[in-house]
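Below: one structure in structure tokens.
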Amino acid sequence: MKWAMVLGIVVIAVLITLYEWPKMNKNQKKERKAFAVLTMGSVVLAVLLVYFPDMPGPTQLVDSLFKPFGKLLEK
Amino acid sequence: MKLLQNKGKQLLTITLCVIPIFLSGCWDRSEVNDLALIVGMGLDRTDEGDIELSAQIVNPKAMGGQGSSENSQSGGQPVTVKTGTGKTIFDARSKLQEKVSRRLFEGHNRIVVIGKALAERGIRQHIDFFARFPNPRLRANVFFADGKASEILKIMPNFEQDSAEVARELAELRIGMKVTTKDLLQQLASESGATALPRILVDKSDSGEELRVNGTAVFKHNQLIGQIDDALTRGLLWVTDEIETASVTLQPKDAKDYISFKLLRSSTELIPTIKNGKWKMTITITSEDDVVENETKLDMMDPKIIDKLQKQLNKRIRKRIKMVLDDVQEGMEADVFGFADAFHRKYPKQWKKAEDKWDETFPEIEVAIKSDVKIRRPGRSGGPQGVPQDKEATE
Amino acid sequence: MMERGKISGLQMAILLYPTIIATAILLVPAISGKFAEQDMWLSPIWASLAGFLTVYIALLLHNHYPELTIMQYSGKIIGFIPGKIVGLGLLFYLLHTNGVVLREYGEFVVGNFLPSTPIIVITGSMAFVCALSVRGGLEVMARSAQIFIPVFMTLFLVIILLLFPELRPANIFPVMDDGITPSIKGAIVPSQWFTEFFLIIFMLPYLRTKEKRMTWGMLSVVAVMITLVITNLFSLLLFGDITSKFTYPVMSAARYIDVADFLQHVESIVMAIWVVGVFIKVSVFYYAIVIGTAQWLHLSDYRPIVFPIGLLLIIFSTWVAASLQELSHFLSTVWPFYALVFQLVLPVLLLLVAMMRKKAAENDN
């Protein structure tokens with residue numbers, strides 16, 4: 001099942017690229033770069049999450065930063 | 001290039017139009033003909049300590065267009081009752097599912113009947129399912145069965161389609177108490193620690209078996225501690241301001257015939273007072289009645305007679321309430337009247353201190369009952385019918 | 001200018017209203033109820049103070065740099081590099097919060113209506129629809145909100161009216177049993193919903209007229225406050241002490257509706273309210289992330305990065321928490337402070353620095 005999910009993620013990324021890439025003109029180099037980095041980053045992250053669903057995430061990061069405050073509201 | 005783009009757009013539009021066809025409920029698509037509609041649920045305790053869940057399920061064979069006479073001839077009942085046993089309600093439900101060819105669905109469940117054996121061991125732990133599982137509704141009426149709950153569900157009434165509907169309609173009529181799952185949850189979580197459920201009985205007669213809501217089961221701290229009969233239940237309803245329909249028949253002094261009144265509306269106020277550390281509750285009832293039947297020769301238009309009748313009615317109501325107070329407040333020491341909430345609302349500070357001692361305080365509370373009945377209208381006739389003008393009684 | 005669309009003050013208010021209310025309406029009654037019990041209906045009033053403050057500060061900041069959003073002027077106020085760091089933090093916060101919102105939506109739909117549907121299908125389709133609306137720009141979003149909000153409010157009123165016969169007014173007493181403290185405690189978490197008015201910062205530069213900005217912003221806060229007071233009051237009058245026991249009190253309340261054995265099973269109305277509201281809420285956050293990212297990277301157009309960020313959004317929505325319990329624990333303990341830092345403390349600090357700079361510049365002259 002996992003390979004199917006990876007495949008699905010890649011297919012979605014490819015579809016997005018096919019849709020957006022021709023719309024950007026040649027002068028929009030920065031946009032192309034940003035687009036490529038964001039898309040690739042998302043795909044890598046998504047695939048990682050498929051294999052390691054319990055990877056510590058943004059919530060854990062924030063949790064560790066704000067823990068002392070959070071204790072105040074625990075009930 | 002432009003043409004290609006347009007084609008792409010067309011393709012996209014077509015795809016978007018096709019997609020919704022596959023979206024009819026996603027993974028949770030369920031057709032009515034795959035569901036077993038549960039209309040009533042009963043909870044019993046087996047001798048081994050397990051829960052026996054009985055479900056009244058609408059019989060799919062009996063549904064649909066064919067005439068009802070045909071149904072009864074072929075023996076197809078409108079509902080069937082199936083049971084399953086398990087450690088929890090959901091466990092029992094999955095056992096029950098094994099016997100039913102369609103997926104069980106509680107979304108239309110109307111009543112929950114709790115059997116005596118289960119009620120004696122406490123009801124709180126079992127009611128959680130009805131507030132947590134996605135399907136059941138908090139609206140379902142809860143009843144107590146002095147016996148097995150499954151017996152109640154198995155009754156096939158000859159007036160309504162199924163016994164669940166009979167029970168629900170009886171609760172709506174407010175013959176006895178009306179307690180929904182939500183009300184029960186509130187009672188269980190309330191400060192008084194007492195719970196009351198309407199009692200449902202099977203009435204056996206020559207014409208068959210019928211259901212009757214009769215009396216109330218009283219729980220204290222999640223434990224069944226007693227039952228009160230119909231007359232006392234009426235008194236309880238007066239106190240909790242739940243009385244809606246009532247007929248009162250009384251015999252005027254010095255008369256041998258009766259007069260009947262119909263209750264139009266009534267409201268009850270609980271007024272708590274704390275004076276010098278003494279807790280007192282005043283129950284004030286104001287109600288309006290109409291005369292609906294007059295067997296006596298008294299003139300219903302005479303203010304003096306009406307005044308006397310009103311006094312007599314007040315006495316009746318006070319007596320009713322006194323009876324239930326004697327039994328429940330002093331006998332069972334269970335606060336099903338909502339006194340705790342009334343005190344908490346008016347005296348939050350004193351309540352805080354006395355909260356833990358409520359069980360001891362409650363039976364000691366002095367209760368005063370004030371009833372103010374108004375007979376508003378004489379009905380369609382004024383003086384007694386069929387009595388010559390000069391033969392009417394004056395007093 | 002990368003956003004060519006312009007919106008009116010009314011449209012701004014209409015966009016902000018569901019942005020706050022959409023998730024608040026389902027979650028706030030239980031949270032306030034936990035702390036404030038029978039005073040829970042007072043909590044939104046205290047909480048709304050945070051909303052008024054946020055709008056006021058956002059407007060003051062805006063007055064310093066009328067053409068720019070926070071992504072651009074944070075660099076001007078505290079310097080290029082610190083500005084970028086603050087911007088990145090803010091983007092992370094917005095993405096994270098939007099992931100949480102999307103997840104809440106998915107959890108609600110799965111928990112109540114479609115228990116065996118994978119949550120990713122539900123969040124994914126919502127993210128896709130929002131992506132389309134964000135790609136259309138602020139004006140498109142504002143217009144769709146203008147169509148949806150009357151529907152949203154009508155449905156809400158229908159629920160309220162149908163619940164009327166079931167209410168028990170006595171549940172409200174004793175008012176302020178333990179003084180004012182419980183109701184203020186119950187306001188702490190909801191106040192963070194009100195600081196979400198911070199998103200006004202991303203809309204102010206694109207207003208058509210500069211007048212009445214303050215009025216519309218404040219009106220929106222008032223509308224949210226009233227809606228929440230009504231929601232809390234109705235939950236309280238219906239359920240009393242057990243309100244906080246329910247995951248979604250409004251949902252349970254709607255399921256309780258039964259008018260004359262005829263009008264029942266109306267919980268799909270709540271579902272409709274929820275879908276419409278969340279659509280706008282996610283879109284507004286999404287829009288802020290996209291336009292923020294584009295400005296952070298100095299892009300000339302924000303549209304190319306809409307879909308990639310949508311992908312990221314879906315990932316975050318599954319990543320934020322393992323279960324609803326974890327999510328709601330996070331929401332009621334850490335999140336209030338987290339949100340406070342980015343939505344109120346950060347703008348206040350920026351404003352103070354900007355004011356000091358202005359004063360220094362005036363003194364130099």
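The values are calculated or read from the model by the stated rules, or taken from the named source; none is laboratory data. Just so we're clear, the structure is a prediction, and the values are computed from it rather than from any experiment. Reconstructed Cβ throughout: ideal geometry from the backbone, glycine too, with neighbour counts over all protein chains shown. The accessibility values were calculated without ligands, DNA or RNA, using every heavy atom of the protein model including side chains. Shrake-Rupley method; radii C 1.70, N 1.55, O 1.52, S 1.80 Å.
Go over the candidates A:Leu65, A:Leu18 one by one and state the one that is part of a helix (DSSP H, G or I) and closer than 21 Å to C:His96 by Cα.
Numbers: A:Leu18 fails: closer than 21 Å to C:His96 by Cα.
Of the residues listed, the single one that is part of a helix (DSSP H, G or I) and closer than 21 Å to C:His96 by Cα is A:Leu65.
If I filter segment C:119-135 down to residues being open to solvent by 50 Å² or more (accessible area, probe 1.4 Å) and of a type in the set (Val, Ile, Thr), which single residue comes out as modelled with the lowest pLDDT? It would help to see each step written out before you state the result.
Filtering segment C:119-135 for residues open to solvent by 50 Å² or more (accessible area, probe 1.4 Å) gives C:120, C:125, C:128-129, C:132.
Pick out the ones that are also of a type in the set (Val, Ile, Thr) and you get C:120, C:129.
Details: C:Ile120: 86, C:Val129: 90.
Checking each candidate, the answer is C:Ile120.
For segment B:195-267, which strands (runs of 3 or more DSSP E) that fit wholly inside it have 3 or more residues that are under 15 Å from B:Ile175 (Cβ atoms) and either at pLDDT 85 or above or in contact with a Gly (Cβ under 7 Å, 6 or more places away or on another chain) (or both)?
Working: elements: B:208-220, B:223-228, B:247-250.
Because the criterion is at least 3 residues that are under 15 Å from B:Ile175 (Cβ atoms) and either at pLDDT 85 or above or in contact with a Gly (Cβ under 7 Å, 6 or more places away or on another chain) (or both), the strands (runs of 3 or more DSSP E) in segment B:195-267 that meet it are B:208-220.
Restricting the search to segment B:370-395, which residues are assigned to a loop (DSSP other than H, G, I, E, B) and either among the β-branched types (Val, Ile, Thr) or over 36 Å from the mean Cα position of the chain (by Cα) (or both)? Don't jump to the end; show me each part of the working.
Step one: of segment B:370-395, the residues assigned to a loop (DSSP other than H, G, I, E, B) are B:378-388, B:392, B:394-395.
B:Gly382, B:Gly383, B:Pro384, B:Gln385, B:Gly386, B:Val387, B:Pro388, B:Glu392, B:Thr394, B:Glu395 - these are the residues of segment B:370-395 that are assigned to a loop (DSSP other than H, G, I, E, B) and either among the β-branched types (Val, Ile, Thr) or over 36 Å from the mean Cα position of the chain (by Cα) (or both).
Residues to consider are B:Gly386, B:Gly382; find the one that is closer than 30 Å to B:Asp302 by Cβ, out of contact with any Lys or Arg (no Cβ under 7 Å at 6 or more places or on another chain), more than 14 Å from chain C (Cβ to nearest Cβ) and surrounded by 12 or more Cβ atoms within 10 Å (Cβ to Cβ).
Working: B:Gly386 fails: surrounded by 12 or more Cβ atoms within 10 Å (Cβ to Cβ).
Going through B:Gly386, B:Gly382 in turn, just one is closer than 30 Å to B:Asp302 by Cβ, out of contact with any Lys or Arg (no Cβ under 7 Å at 6 or more places or on another chain), more than 14 Å from chain C (Cβ to nearest Cβ) and surrounded by 12 or more Cβ atoms within 10 Å (Cβ to Cβ): B:Gly382.
Return the only residue of B:Asp359, B:Asp341 being in contact (Cβ under 8 Å) with a residue 40 or more places away in the chain, open to solvent by less than 70 Å² (accessible area, probe 1.4 Å), part of a helix (DSSP H, G or I) and farther than 30 Å from B:Asp289 by Cα. Give the steps one after another, and end with the answer.
On the way: B:Asp341 fails: farther than 30 Å from B:Asp289 by Cα.
None of the other options fit; the residue is B:Asp359.
I would also like to ask the following. Residues B:Lys148, B:Lys99, B:Lys178: which one is basic (Lys, Arg), under 21 Å from B:Val79 (Cβ atoms) and in contact (Cβ under 8 Å) with a residue 60 or more places away in the chain?
Details: B:Lys99 fails: in contact (Cβ under 8 Å) with a residue 60 or more places away in the chain; B:Lys178 fails: under 21 Å from B:Val79 (Cβ atoms).
Every option except B:Lys148 fails the conditions.
Continuing with the same structure: Among the residues in segment B:196-203, are any more than 16 Å from the chain's Cα centre (by Cα), of a type in the set (D, E, K, R) and within 22 Å of B:Phe129 (Cα to Cα)? Steps first, please.
The first filter runs over segment B:196-203 and keeps only residues more than 16 Å from the chain's Cα centre (by Cα), leaving B:202-203.
Then keep just the ones that are of a type in the set (D, E, K, R); that gives B:203.
Right, trim to within 22 Å of B:Phe129 (Cα to Cα) and you get none.
The answer is no, given that none of the residues of segment B:196-203 is more than 16 Å from the chain's Cα centre (by Cα), of a type in the set (D, E, K, R) and within 22 Å of B:Phe129 (Cα to Cα).
Consider only pairs whose beta carbons are under 6 Å apart and that are at least six residues apart or on different chains; among these, list those whose first residue lies in segment C:134-150 and is over 11 Å from C:Val290 (Cβ atoms) and whose second residue is open to solvent by 10 Å² or more (accessible area, probe 1.4 Å) and β-branched (Val, Ile, Thr).
Close Cβ pairs satisfying both conditions: C:Ala145/C:Ile14; C:Gln146/C:Ile14; C:Phe148/C:Val276; C:Ile149/C:Ile14.
A follow-up question, please. Could you grab the pairs with beta carbons closer than 7 Å, sequence gap of 6+ or different chains, first residue in segment C:172-190 and more than 9 Å from chain B (Cβ to nearest Cβ) and in a helix (DSSP H, G or I), second one open to solvent by 30 Å² or more (accessible area, probe 1.4 Å) and acidic (Asp, Glu)?
Sorted first by the residue in segment C:172-190, then by its partner, the pairs are C:Pro182/C:Glu37.
Does C:Thr123 satisfy the condition of being within 25 Å of C:Ser252 (Cβ to Cβ) and under 19 Å from the mean Cα position of the chain (by Cα)? Break it down into steps so the answer makes sense when it comes.
Numbers: within 25 Å of C:Ser252 (Cβ to Cβ): yes; under 19 Å from the mean Cα position of the chain (by Cα): yes.
Judged against the criteria, C:Thr123 is a match.
Out of all the residues in segment B:296-326, which are at pLDDT 85 or above and acidic (Asp, Glu)?
Correct list: B:Asp307, B:Asp326.
Which count do you get for residues in segment A:21-35 that are within 9 Å of another protein chain (Cβ to nearest Cβ) and either in contact (Cβ under 8 Å) with a residue 60 or more places away in the chain or part of a helix (DSSP H, G or I) (or both)?
Taking segment A:21-35 first, the residues within 9 Å of another protein chain (Cβ to nearest Cβ) are A:21-24, A:27-28, A:30-35.
This time we only want the ones that are either in contact (Cβ under 8 Å) with a residue 60 or more places away in the chain or part of a helix (DSSP H, G or I) (or both), so: A:21-23, A:30-35.
Summing the residues that are within 9 Å of another protein chain (Cβ to nearest Cβ) and either in contact (Cβ under 8 Å) with a residue 60 or more places away in the chain or part of a helix (DSSP H, G or I) (or both) in segment A:21-35 gives 9.
Answer yes if at least one residue in segment B:307-314 is buried (at least 19 other Cβ atoms within 10 Å of the Cβ) and within 30 Å of B:Leu224 (Cβ to Cβ), and no otherwise. Lay out the reasoning, then the answer.
Filtering segment B:307-314 for residues buried (at least 19 other Cβ atoms within 10 Å of the Cβ) gives B:309, B:313.
Within this subset, residues satisfying the condition of being within 30 Å of B:Leu224 (Cβ to Cβ) are none.
For segment B:307-314, residues buried (at least 19 other Cβ atoms within 10 Å of the Cβ) and within 30 Å of B:Leu224 (Cβ to Cβ): absent.
Of all residues in segment C:44-81, how many are in contact with a Gly (Cβ under 8 Å, 6 or more places away or on another chain) and charged (D, E, K, R)?
1
Sticking with this structure for a sec: When C:Arg213 is evaluated against the numbered criteria (1) open to solvent by less than 40 Å² (accessible area, probe 1.4 Å); (2) charged (D, E, K, R); (3) in contact with a strand residue (DSSP E or B) (Cβ under 7 Å, 6 or more places away or on another chain); (4) more than 27 Å from B:Leu185 (Cβ to Cβ), which criterion, by number, is the only one it fails?
If we test C:Arg213 against (1) open to solvent by less than 40 Å² (accessible area, probe 1.4 Å); (2) charged (D, E, K, R); (3) in contact with a strand residue (DSSP E or B) (Cβ under 7 Å, 6 or more places away or on another chain); (4) more than 27 Å from B:Leu185 (Cβ to Cβ), just (1) comes out false.
Among the residues of segment C:79-127, how many are facing another protein chain (nearest Cβ under 10 Å) and over 21 Å from C:Phe194 (Cα atoms)?
The qualifying residues number 15.
Can I ask one more? Name the pairs whose Cβ atoms lie under 9 Å apart, with the first residue in segment A:41-59 and more than 9 Å from chain C (Cβ to nearest Cβ), the second open to solvent by less than 40 Å² (accessible area, probe 1.4 Å) and hydrophobic (A, V, I, L, M, F, W, C), and 6 or more positions between them or separate chains?
The qualifying pairs are A:Val47/A:Val6; A:Val47/A:Ile9; A:Val50/A:Val6; A:Val50/A:Ile9; A:Tyr51/A:Val6.
Please return the ranges of helices (runs of 4 or more DSSP H) entirely within segment C:266-341 where 2 or more residues are surrounded by 23 or more Cβ atoms within 10 Å (Cβ to Cβ), away from chain A (no Cβ under 13 Å) and under 17 Å from the mean Cα position of the chain (by Cα). Can you show your working first?
Values: elements: C:267-296, C:306-319, C:324-332, C:335-340.
Helices (runs of 4 or more DSSP H) meeting the threshold: C:267-296.
Report whether or not C:Leu155 is within 14 Å of another protein chain (Cβ to nearest Cβ), open to solvent by 10 Å² or more (accessible area, probe 1.4 Å) and over 18 Å from the mean Cα position of the chain (by Cα).
Working: within 14 Å of another protein chain (Cβ to nearest Cβ): no; open to solvent by 10 Å² or more (accessible area, probe 1.4 Å): yes; over 18 Å from the mean Cα position of the chain (by Cα): yes.
Spelling it out, it is not the case that C:Leu155 is within 14 Å of another protein chain (Cβ to nearest Cβ), open to solvent by 10 Å² or more (accessible area, probe 1.4 Å) and over 18 Å from the mean Cα position of the chain (by Cα).
Could you please let me know if C:Leu352 is surrounded by 14 or more Cβ atoms within 10 Å (Cβ to Cβ) and either within 11 Å of another protein chain (Cβ to nearest Cβ) or under 27 Å from C:Ile57 (Cα atoms) (or both)?
On the way: surrounded by 14 or more Cβ atoms within 10 Å (Cβ to Cβ): no; either within 11 Å of another protein chain (Cβ to nearest Cβ) or under 27 Å from C:Ile57 (Cα atoms) (or both): yes.
Judged against the criteria, C:Leu352 is not a match.
Let's see how each residue does on (1) open to solvent by less than 10 Å² (accessible area, probe 1.4 Å); (2) under 16 Å from the mean Cα position of the chain (by Cα):
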{"position": "C:Leu10", "(1), (2)": "no, no"}
{"position": "C:Trp41", "(1), (2)": "no, no"}
{"position": "C:Ala47", "(1), (2)": "yes, yes"}
{"position": "C:Ala50", "(1), (2)": "no, yes"}
{"position": "C:Leu60", "(1), (2)": "no, no"}
{"position": "C:Phe92", "(1), (2)": "no, no"}
{"position": "C:His96", "(1), (2)": "yes, yes"}
{"position": "C:Tyr105", "(1), (2)": "no, yes"}
{"position": "C:Thr117", "(1), (2)": "yes, no"}
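For segment B:95-165, list the strands (runs of 3 or more DSSP E) that sit wholly inside it and hold at least 1 residues that are within 15 Å of B:Leu224 (Cα to Cα) and under 16 Å from the mean Cα position of the chain (by Cα); which are they?
Values: elements: B:103-105, B:111-115, B:141-145.
By residue number, B:111-115, B:141-145.
Looking at B:Val291, B:Val367, which one is over 30 Å from B:Leu224 (Cβ atoms), modelled with pLDDT of 85 or more and not in a helix (DSSP H, G or I)? First the steps, then the outcome.
On the way: B:Val367 fails: over 30 Å from B:Leu224 (Cβ atoms).
Matching residue, one of B:Val291, B:Val367: B:Val291.
Can you say whether A:Val6 is more than 10 Å from chain C (Cβ to nearest Cβ), more than 26 Å from B:Gly8 (Cβ to Cβ), of a type outside the set (Phe, Trp, Tyr) and touching a helix residue (DSSP H, G or I) at 6+ places or on another chain (Cβ under 7 Å), as far as the supplied structure shows? Give the derivation first.
Values: more than 10 Å from chain C (Cβ to nearest Cβ): yes; more than 26 Å from B:Gly8 (Cβ to Cβ): yes; of a type outside the set (Phe, Trp, Tyr): yes; touching a helix residue (DSSP H, G or I) at 6+ places or on another chain (Cβ under 7 Å): yes.
Considered against the rule, which asks whether it is more than 10 Å from chain C (Cβ to nearest Cβ), more than 26 Å from B:Gly8 (Cβ to Cβ), of a type outside the set (Phe, Trp, Tyr) and touching a helix residue (DSSP H, G or I) at 6+ places or on another chain (Cβ under 7 Å), A:Val6 comes out as yes.
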